[in-house]
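A.B. asks: Here it is, the structure in full.
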Amino acid sequence: MNYFVSFCLCVPALLVTALASADDAQFAQRRAEMVALIEDDVRRTAQYTGLGRFDKRVMDVMADVPRHRFVPVDRADAAYENRPLPIGYGQTISQPYIVALMTELLGVTEGDVVLEIGTGSGYQAAVLAALVSRVYSIEIIEPLQRQAGLRLADLGYHNVTTRLADGYYGWAEHAPFDAIAVTAAASHVPPPLIAQLRPGGRMVIPVGGRFTVQQLLLIEKNADGSLVTRQVLPVRFVPLTGEH
C-alpha cells in the first residue's frame, strides 16, 4: 500500500515538472523572438538614438528576464509582444524596446547603484538588477509597490529595494546614484533627482505632458556639476504623479 501511494504521488510531480519545463522552454523561445523585435527597432530608430546596436549584456538580460511574470495573469500570452501592457491602476509595463533603450542609455556597470522612479510591476528594476550592484526603486501606488516587492523577492532579485513614496523627491538616504531611470513622464526634470545624481552619472527621463509629445532625455552630470542634456527619442509614458 505504501509503495502504491508513493507511486501515485510521484507521477503528478513528474508531470508538473515536465509541464513546467515545457512552459519555460516556450517562454524562452518567445523571449528570443522578442529580442529579435527589439533589434529591429534598434535599427529603425538609429537615426534618432545614434545607436546601431545595443550592448550584448543588455540584450542578454532582455532574453533572460521572465517578462510574463511581471504582467497580469490574463496578459501573459501577450507578455513578449513588443508593446506596453496595462498592469492596473492606470499604469503600464513599458514596451520591451523602451526598457532596453533606457538601460542601454544609462550605461551601467556591475558595481553601480541605481535609482528607479516608478517601480510599476518591477520589470525595469529586474532588468537593471541583473546588471548592477543595487537598485533602489520608488513607487507611489501602494498595491503596485507591495506586489512588485514580493514579485522581485520571489524571483530572486534580492539586490532590489522598493519604497512607497513620491519619486519626485528621490531617495536621499542612498544618494548619490550612479544612474537614475525615471519610468513616467515629468513636466520638467525634478531638481532633487539632479542633486542625487553622482558626478559622472547618467539619468534617463521622459519629459512632457500627457497630451503633448514627450521626449526621452539623456542627462549626463559632469564632474563640476554641470549638465549635458540630449533629446533621444519621442516617446509616450504615463505621467509622473505626486504632490509636486
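What follows is calculated from the coordinates using simple rules that are stated; it is not laboratory data. Because the structure is a prediction, the values reported are computed rather than measured. Note: ideal-geometry Cβ built from the backbone for every residue, glycine included; neighbour counts use all protein chains shown.
A.B. asks: Tell me, what HN-Hα J-couplings in whole Hz come from the Karplus equation 6.51 cos²θ - 1.76 cosθ + 1.60 at θ = phi - 60° for each residue of the range 219-227, using x for Gly and Pro?
C.D. replies: 10, 10, 9, 6, 4, 8, x, 6, 10
A.B. asks: Turning to a different aspect of this structure: At 222 nm, what value in deg cm²/dmol follows for the chain if DSSP H runs of at least 4 each add -39500 (n - 2.57) and the sum is divided by all its residues, to the nearest 500? Don't jump to the answer; show the numbers that get you there.
C.D. replies: Values: 7 runs with 91 residues, N = 244.
Per the formula, -12000 deg cm²/dmol.
A.B. asks: A follow-up question, please. Can you give me the angle between helix 96-106 and the longest principal axis of the chain, using Cα atoms only, in degrees from 0 to 90, rounded to the nearest 10?
C.D. replies: So the helix axis and the longest Cα principal axis differ by about 50 degrees.
A.B. asks: Using only Cα atoms, tell me the angle between helix 142-154 and the longest principal axis of the chain; keep it within 0 to 90° and round to the nearest 10.
C.D. replies: The helix 142-154 is inclined about 60 degrees to the chain.
A.B. asks: Using only Cα atoms, find the angle between the long axis of helix 2-44 and the longest principal axis of the chain, and express it within 0 to 90 degrees, rounded to the nearest 10.
C.D. replies: 30
A.B. asks: What order do you get for K56, K221 when you list them from fewest to most C-beta neighbours inside 10 Å?
C.D. replies: K56, K221
A.B. asks: For the range 234-239, in order, what is each residue's ³J(HN,Hα) by Karplus, 6.51 cos²θ - 1.76 cosθ + 1.60 with θ = phi - 60°, in whole Hz (x at glycine and Pro)?
C.D. replies: x, 9, 9, 10, 5, x
A.B. asks: Return the long-range amide H neighbours of L233 (sequence gap of 5 or more, or a different chain), with a cut-off of under 5 Å between placed amide H atoms.
C.D. replies: Result for L233 returns L216.
A.B. asks: Can I ask one more? Per residue and in cubic angstrom, what volume does the convex hull of the Cα atoms of the chain have?
C.D. replies: Spelled out: Cα convex hull of the chain, divided by residues, is 142 Å³.
A.B. asks: May I pose another question? Taking H as built 1.01 Å from N, whose amide H comes closer than 5 Å to the amide H of E116, not counting residues under 5 places away?
C.D. replies: Y136, S137, I138, A181
A.B. asks: List, largest first, the extents of the alpha carbons of the range 13-158 along their principal axes, each in whole Å.
C.D. replies: 50, 33, 32
A.B. asks: Calculate one ³J(HN,Hα) per residue across the range 49-62 by plugging θ = phi - 60° into the Karplus curve 6.51 cos²θ - 1.76 cosθ + 1.60, and present them in order as whole Hz with x for glycine and proline.
C.D. replies: My calculation for the range 49-62 gives 7, x, 10, x, 7, 9, 3, 4, 4, 5, 5, 5, 5, 4 Hz in order.
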